[in-house]
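Here's the structure, in structure tokens; my notes come after.
The values are calculated or read from the model by the stated rules, or taken from the named source; none is laboratory data. In this text the structure is predicted, and so the values were computed from the model without any measurement. Every residue, glycine among them, receives a Cβ derived from its backbone with ideal geometry; neighbour counts consider all protein chains shown.
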There are 2 protein chains.
Amino acid sequence: MVTTRNSRSDVVAAAGRLFAEKGYHGTSMRDLGRELGLLGSSLYSHVDSKQDLLVSVVEDGARLFQASATASLGTDGSASDRLRALISGHVDVVLDNLDVSRTFLNEARMLDDRHRAKVIEERDRYEAAFRRVLSDGAGDGSFRDDIDPKTASIFILSMLNAIDRWYRPGGALSREQLVEELSLFVIDGLG
Amino acid sequence: MVTTRNSRSDVVAAAGRLFAEKGYHGTSMRDLGRELGLLGSSLYSHVDSKQDLLVSVVEDGARLFQASATASLGTDGSASDRLRALISGHVDVVLDNLDVSRTFLNEARMLDDRHRAKVIEERDRYEAAFRRVLSDGAGDGSFRDDIDPKTASIFILSMLNAIDRWYRPGGALSREQLVEELSLFVIDGLG
DNA sequence: CCTACCGATCGGTAGG
DNA sequence: CCTACCGATCGGTAGG
């Protein structure tokens, strides 16, 4: 069979694709219908509103990043090992879920106040995983202790959250090499 | 006098503000008119189209970053000094022109193909300034030479291009401290 | 999931 | 910069 009815998760997945590519406000419900081979009005049997779709995509993103952080913190190993696990996990989440990640990173600000506040909270919890590992490393001598874990976390996450903007799978840099370069840069710097 | 007629640059400035805050597609010409105290239709005596406004804001951004890079490369000094100048210049451009920078970074992808291609070219030229300094530094022994200047440039620019998302003037970190932390992190890393 | 709509809003124009 | 519009498109609904 070539055609089947779409499920709600098909609709959410397609929404992630279009939101990532053209932005939330640049995507109409008719665009989304076309992507799925049906009319815009037919989408309302799957979702309550357009916002509803954005909420679903962004919550998927939050869940993925959170799950990755939890797994990485569960690792026993040095602070460097756990930092590397966080980096590697983040890279995997982004590259295995490009549309969701892009929507999570760029379109969450289009959410209404209530949902946006929730996302900010979830991002802060995720960032806290990085802060904790950096603090641990500063405490046990793995990392220098004159560096502010909060600021350093932001710098690291800035690098990680930009990967979707430039990395091309199949290009000169393999995923493993990317993780390696990131870890090297973060831990040793240019000097 | 409290009220004067708006100039074209007033309109472009207001457009930058709204595009930065609500996105290009999230801003209507009527929104923009309201911001300036006139009707949406009245804007067309200043601009040809909504796209025209986005082009102007984004080109302003490109010019600012380019000017900063040119000034920094003109510095004579070690590779570290010039890298620090590039970082400091970038921070100044972003923090002194938040709306333009945000629009340049987040909304340029909404441009039509022709203008988007131009912006990509300009960004690449700007990135080339970073690559050159990193290459110089790898050549004269200032920086390690097992690091790829292209990848490192991307990492550094990723940190710089995220500053608008989290930095709050008047907060715990002064602008000078921000530049200091960035330079330290980039050159020495965590280790 | 479609037919057949709804009121609101969109970017933009003619003519002053 | 306003008045007075235009056709197109928007998110969404009723009823099947």
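Observations on the structure shown:
- Going through (1) among the charged types (D, E, K, R); (2) at pLDDT 95 or above; (3) farther than 19 Å from residue B:23 by Cβ one by one, residue A:5 falls short only on (2).
- Of everything in region B:24-43 that is in contact with a His (Cβ under 9 Å, 6 or more places away or on another chain) and of a type outside the set (S, T, N, Q), the residue that is surrounded by the most Cβ atoms within 10 Å (Cβ to Cβ) is B:24.
- Selection over region B:49-81 of residues that are within 16 Å of DNA strand D (Cβ to nearest atom) and of a type in the set (Ser, Thr, Tyr) gives a count of 2.
- Per this entry, residue A:179 is counted among residues that are over 30 Å from residue A:27 (Cα atoms), part of a helix (DSSP H, G or I), more than 8 Å from every other protein chain (Cβ to nearest Cβ) and at pLDDT 95 or above.
- Annotation: of all residues in region A:135-172 being among the aliphatic types (A, V, I, L, M) and facing chain B (nearest Cβ under 7 Å), the one that is surrounded by the most Cβ atoms within 10 Å (Cβ to Cβ) is A:152.
- Top-ranked residue in region B:13-23 [being buried (at least 21 other Cβ atoms within 10 Å of the Cβ) and within 14 Å of DNA strand D (Cβ to nearest atom); ranked as nearest to the other protein chains (Cβ to nearest Cβ)]: B:23
- Residues satisfying the criterion are present in region A:24-31 (criterion: within 14 Å of chain B (Cβ to nearest Cβ), within 13 Å of DNA strand C (Cβ to nearest atom) and touching a residue at least 40 places away in the same chain (Cβ under 8 Å)).
- Test for residue B:46: is it within 14 Å of chain A (Cβ to nearest Cβ), within 14 Å of DNA strand D (Cβ to nearest atom), surrounded by fewer than 21 Cβ atoms within 10 Å (Cβ to Cβ) and touching a residue at least 12 places away in the same chain (Cβ under 8 Å): no
- Test: residue B:128 is surrounded by fewer than 17 Cβ atoms within 10 Å (Cβ to Cβ) and in a helix (DSSP H, G or I): yes
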